[in-house]
Every structure is written in C-alpha cells, then in structure tokens.
Amino acid sequence: MSGDNSGRDTPERPRHLLHLEASQEMLAHAGEEVVNRGKAMWAGFSDFALQDNVLEVAVGLIIAAAFTTVVTSFVSEILLPPLSLIPGINRNMDSKFAILRRGPNFNKTDGIGYNTLEQAAADGAVVMAYGAFLNKMVNFLGVGFALYGVAVVYEMFNQGGDPIIKHMVKCKYCRKRISVKAKRCVNCTSWQDGREEKIADSGDLLG
C-alpha cells in the first residue's frame, strides 16, 4: 500500500485558487510600479521646483504682480481723476464711451442719451468704450516708466554688473539691432569699427 501511495501524483490545485494567486501577484506588481513611478515623478518635480533660478523667477513674478497693482492703483485713482476736470470731460476717463448705435430708450434717458456705460449696455446700445482702452494704455505707460526708473536706480547702485537696460544700435550692414558695445555683428558677423570698408577699398585697389 505504501508503494502505491508513493507512486500517485499530487492532487492538482483548484483553478480558482491559481487565478486568485496570479491576480494577487499582478496587483502587487502593478502597485509597486505605480509607487515607483510616483516616487520618480515627485523626485523630478522637486528637482525642478526647488531650483534656484525657478525660485528667483517665482519671487520676481510675485514682486512684479504687487508692483503692477500699486502702479495701476496710482494711475487709476490718483493720476486719471484730475483729468476729468478738463473742460469738455464730464466724467472719469475710464467711463468715457461713444455711442455707435442707439438703443430704444436713448431719447428717454434724461434727454442726454446715457449717463453710464452700464446704462447704454442695458438698453442694448452698441458702444465703443474708448475710455477703458485709454485707461489701460496709461496704466501700461505708467508701469513701463516705473520699471524703467527702477532699472536706472538699480544700475546706479550696481556699477560694473550686468546691466538691465540693453542699449541697442543698428548694424551698419544688415541693419539689425545689436548691442551698442558690440564690435562685431552677431547676425552678419561684420566688424563695426570700419575695417569692412578698408577691406573693400583695398580689394578695389588691387583689382
């Protein structure tokens, strides 16, 4: 009997148990893959976000946004309101508009058309809000001049450093803009000290 039992094959395991174990192994492998990819992604993001230049750009953008808000407030709330005192301007600059097509209640509005842009829009009139455009243009110029002033002050205290304001001139030959300190054009590689004319003149003499 013992010999017969030793010769028998081991009973096969149920198929559902085999499928269950295979599924568990696949899930474990997929979980490890997800964790590894998550770690690699986080490592790459931390390397990118914590770089010195990225932090400098972030701080610069925050300061620039705050600076722009201050300049915009100065232009809109201090500089532009006195312009409404000029004869012929009966409202703030940003409230000026022109009526391109009247609405049905145009003549019923106190006999003068529309007092505000919102009133004209509510009546269905077609208007051109040039005041808001002029307001944004003045804001742009104000921000530009303010930043230019900051750059000038920075260069005054940072003598010998890399200048912020890049003074440019046109190349004598290709007419593209290059640095005023450039001795040779970066576009056409021509010398800016006059040696190109000397070379051309010597070639004509030899010819």
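The values are calculated or read from the model by the stated rules, or taken from the named source; none is laboratory data. Nothing here was measured: the structure is a model prediction, and the numbers come from that model. A quick note on method: Cβ atoms are made from the backbone with ideal geometry, for glycine too, and the neighbour counts reach across all protein chains shown. What goes into the accessible areas is simple: the full protein's heavy atoms, side chains included, and nothing from ligands, DNA or RNA. Shrake-Rupley method; radii C 1.70, N 1.55, O 1.52, S 1.80 Å.
Here are the numbers for this structure:
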read-out: Sequence-distant lysines (8 or more away, or on other chains) whose Cα lies within less than 21 Å of LYS166; value: LYS176, LYS181, LYS183
read-out: Amide N proximity, segment 59-78 versus LYS136 label position 7 Å along Cα-to-Cβ, cut-off under 20 Å; value: 65-78
read-out: Computed lengthening from ALA40 to GLU118, 0.36 nm per intervening residue step minus Cα-Cα distance; value: 22.7 nm
read-out: Where labels lie 7 Å past Cα in the beta-carbon direction, separation of LYS183 and LYS170 in nm; value: 2.6 nm
read-out: Accessible area in square angstrom per residue, segment 139-185, 1.4 angstrom probe; value: 80 Å²
read-out: Accessible surface ranking that places the most exposed of ASP162, ASP123, ASP94 first, with a 1.4 angstrom probe; value: ASP162, ASP94, ASP123
